[in-house]
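Reading through the structure tokens given below for one structure.
Laboratory data are not the source of any read-out in this text; all were calculated from the coordinates shown. Worth saying up front: this structure is predicted, and the values here are computed from it rather than measured. Glycine also receives a Cβ, built like all others from the backbone with ideal geometry; neighbour counts cover every protein chain displayed.
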Amino acid sequence: MFLLNSDIFVWDLLIILIMAFTLCGGIACTIWAKRHSDRGLQKLLIGSLGVLGFLGFLSMTYAAFIEPQIIVVTRVQVTHPKAEPMKIAVISDAHVGPYKGEAFLRRVVTRINSLLPDLVLLPGDFVFTRSADPRELLPLGDINSSLGTFAVLGNHDVGQYQSLTGKRYSGTNRGENITQTLEEFGITVLRNEHTILSLPNTTVAIAGIDDLWTGHHDLSQSLSGIPSDAFTILLSHNPSVIDTEESTAAHLIVSGHTHGGQMRLPGLGPIPNLPTSLGQQFDQGLFPLENDRTLAITRGIGESTARTRLFAWPEILLIEVLQGK
């Protein structure tokens, strides 16, 4: 869907204008340089601008229409003495709506199932806009995982947003509807609660909280009653949860929310400011924390604001958990 949804019309129009400007600029500069081949330095400068115009057009075409459709698997390892070997697949920020829908999710789920995960975690932002239909999440019900699939809600799901200037604002809270839909698909949604999984040689606790921006998250409640010998995984859409003292009870914290910046430059990292309290360095990947804890941030599979990704390919994060010191 392009230019046909009021929620993203301005962003799509901006993409069209940038593509038209860079392409027309590249053509105009190239024509001028060919017609004034005797002007030496001017020809070089104008010709260079023409090349930049074509590169800009190709970059925007790639970022808007090609990279968002690529699915990569990022494999990482986490070691902890309380853990038992397992494979955890993580996908976040599906943002179904005008950019991504059921067909894309089917491709993602097919790829997840090919990885044969023991556990699948979905840390929120299932929908993008107020017009998004949660039924497009249907393919998530086809996920195959021996220990189950667990989710938490993200800020978009409960109508909490942030503008490009960093200002927070509220919209429609669709949390109950999305929770009900996911549970109909066989997915356990954790809202300030936890579940216990008994493995042959250890116990795994999976805790989940409501999104931090709602103010309704309750870490104490979600972690209360977990056995002291359990390997504890905390699902929080926003990785800023590590700023709270209660989060130190979790051994592995799994988040999304950042999109890895969604637009990145090699060597520089994310271009936009990340919507967290942690700083630009907490963008994607694994982050060792004190007391033998690890924060895992996936850059997700969908887009918000503009339909663009640049060097931030949609990602299935595959965490291989190992037992060790």
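Structural remarks
- The chain: angle of helix 175-184 to the longest principal axis, Cα-based, in degrees nearest 10: 70
- Antiparallel DSSP beta bridges within the stretch 71-323, percent to nearest 5: 40
- Counting only aspartates and glutamates at least 8 places from Lys325 when in the same chain, those with an alpha carbon closer than 16 Å to its own are Glu84, Asp229, Glu290, Asp292.
- Helix axis angle, 9-35 relative to the chain longest principal axis, alpha carbon, degrees: 40
- Rounded to the nearest 20 debye, dipole of the chain from Cβ charges on Lys, Arg, Asp, Glu: 1560
- Cα shape, the stretch 94-197, gyration tensor, a/c 1.5 rule: prolate
- The lysines whose alpha-carbon is closer than 24 Å to the alpha-carbon of Lys34, local same-chain residues fewer than 8 away aside, are Lys43.
- Size of charge dipole - the stretch 73-180 - debye, nearest 20, with Cβ of Lys, Arg +1 and Asp, Glu -1, no other charges: 280
- Distant alpha-carbon pairs in the chain (separation over 27 angstrom), percent: 46
- 0 to 90° range, to nearest 10: angle between helix 102-114 axis and the chain longest Cα axis: 60
- Placing dummy labels 7 Å off each Cα toward the beta-carbon, the span from Glu290 to Arg135 is 5.1 nm.
- Working note: Cα atoms of the stretch 161-297, range along each principal axis, descending, whole Å: 45, 36, 27.
- Descending semi-axes in whole angstrom, ellipsoid equivalent of the stretch 9-67, from the Cα gyration tensor: 27, 10, 7
- Positive-end extreme of charge dipole, the chain - chosen from Pro272, Ala249, Pro239 (charges on Cβ): Pro272
- Value at 222 nm in deg cm²/dmol, rounded to 500, when DSSP H runs of n ≥ 4 in the chain each add -39,500 (n - 2.57): -7500 deg cm²/dmol
- Rounded to 0.05, the FRET efficiency of the Trp32 and Ile271 pair, given R0 = 51 Å and the Cβ-Cβ distance, is 0.95.
- Dipole of the chain, positive end: most advanced residue of Gly56, Val321, Gly302 [Cβ charges, Cα centre]: Gly56
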